[in-house]
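None of the figures in this text is laboratory data; all of them are computed from the coordinates on show. Because the structure is a prediction, the values reported are computed rather than measured. Neighbour counts run over all protein chains shown; Cβ positions are idealised from the backbone, glycine included.
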Amino acid sequence: MTTSTHSRIFDVGIFGFIKILLRGAAQVMFQCNAWCGLLFIVGIFWGAYSSGMPEVGWGALLGVMVSTATGFILNLQQEEGFEGLWGFNGILVGCAFPTFLGNTVWMWFALALCAAFTTWVRTGLNNLMRGWGINSFTFPFVLCVWFFLLASHTMHSIPPLNTSSHVLSTLHGIHFHLGLDGAWEVVKVWLRGLSQVFLIDSWVTGLLFFLGLCASNRWAALWAVIGSALSMGMAIVMGLPVEHINEGLYSFSAVLTAIALAVTFYEPSWRSAAWAALGIMVTVVVQAAMNVWVQPFGIASLTAPFCITTWLFLLPMFRFDDKHPDHTAWHHRS
């Protein structure tokens, strides 16, 4: 590590490091904005404590801190670190472990290990995918957590808790009847589609996430709610399990797909809007398919449907304006 690198790390300071952590939280939804990240953190803690699982909030903090610190230790590209790109996979790991695994001291050790793991896995996958013109997105989180969730079935120190209940469907032909108790119930389901991005089942958390996006990018906020609404409608029409629709479990990946395709990798236009709408609907299909695929393994599909769908929609390298999109990196907003 060079002297200049040392000076850059120490020049960050405690408040600078906190700003990087907050940006890491915001980057889950493609934002580089500390205020957005702060509202995301508040939303996570609100949902965690209101559901009686405060360890999810503290796990999120531990995950983003460990994954960010790992980037500094490995002397990775400093610009990415300052923009929060070392932290967004780690914070998702921190939310996932207390959700799916028993609260033991070794679960916290595994959480920290997995969060660190995502930092160099992301670097490796991005190096591999750069030649294809795409980015790894949240797939480092998905891949690393899958390893640990599968291992938990034989590692008794990190016992599985809810590994199969978060997004796996019952496959008993349950259909959604349009009988929600009024418009307010619809709004709450709609907002849960945002909150479930961080594995939180809370409409208040979803509202805080929406406000965080508004603080950063109103287009992103708009497409987040469009993604949640359209995916909810698609899930209803296709007769997916009602209890999972109510919890927003067929919307969170679609929310990320919407922001990626409509705002992040293309300039907002009617062409990118149509492309994003198609991507949202396909994400629901991919989500349902992946739920069936992972069910025998007793794990959740996490944000893999978003990653797979967005890759498939970016690989053709279509041009919707005069500027050729750069799919290997997203726009950074401070």
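Summary table below
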| quantity | calculated |
| --- | --- |
| Over the range 182-314, equivalent-ellipsoid semi-axes from the Cα gyration tensor in Å | 21, 18, 13 |
| Exposed-loop-free span, longest in the chain, where trypsin sites (Lys or Arg not before Pro) count as exposed if DSSP calls them loop and at most 11 other C-beta atoms lie within 10 Å | 1-318 |
| Residue of Gly13, Gly81, Gly298 that the Gaussian network model of the chain assigns the largest fluctuation, springs spanning Cα pairs under 10 Å | Gly13 |
| Contour excess over end-to-end distance, with Cα ends at His156 and Val186 and 0.36 nm allotted per residue | 6.7 nm |
| Residue among Val292, Val56, Val105 with the largest mean-square fluctuation in a Gaussian network model of the chain, springs linking Cα atoms under 10 Å | Val105 |
| The range 3-151 - Rg over Rh from alpha carbon coordinates, Kirkwood radius | 0.97 |
| Residue among Trp190, Ala300, Leu249 farthest towards the positive dipole end of the range 182-314, charges placed on Cβ | Trp190 |
| Fully extended contour minus Cα-Cα distance, from Met238 to Gln77, at 0.36 nm per residue | 53.5 nm |
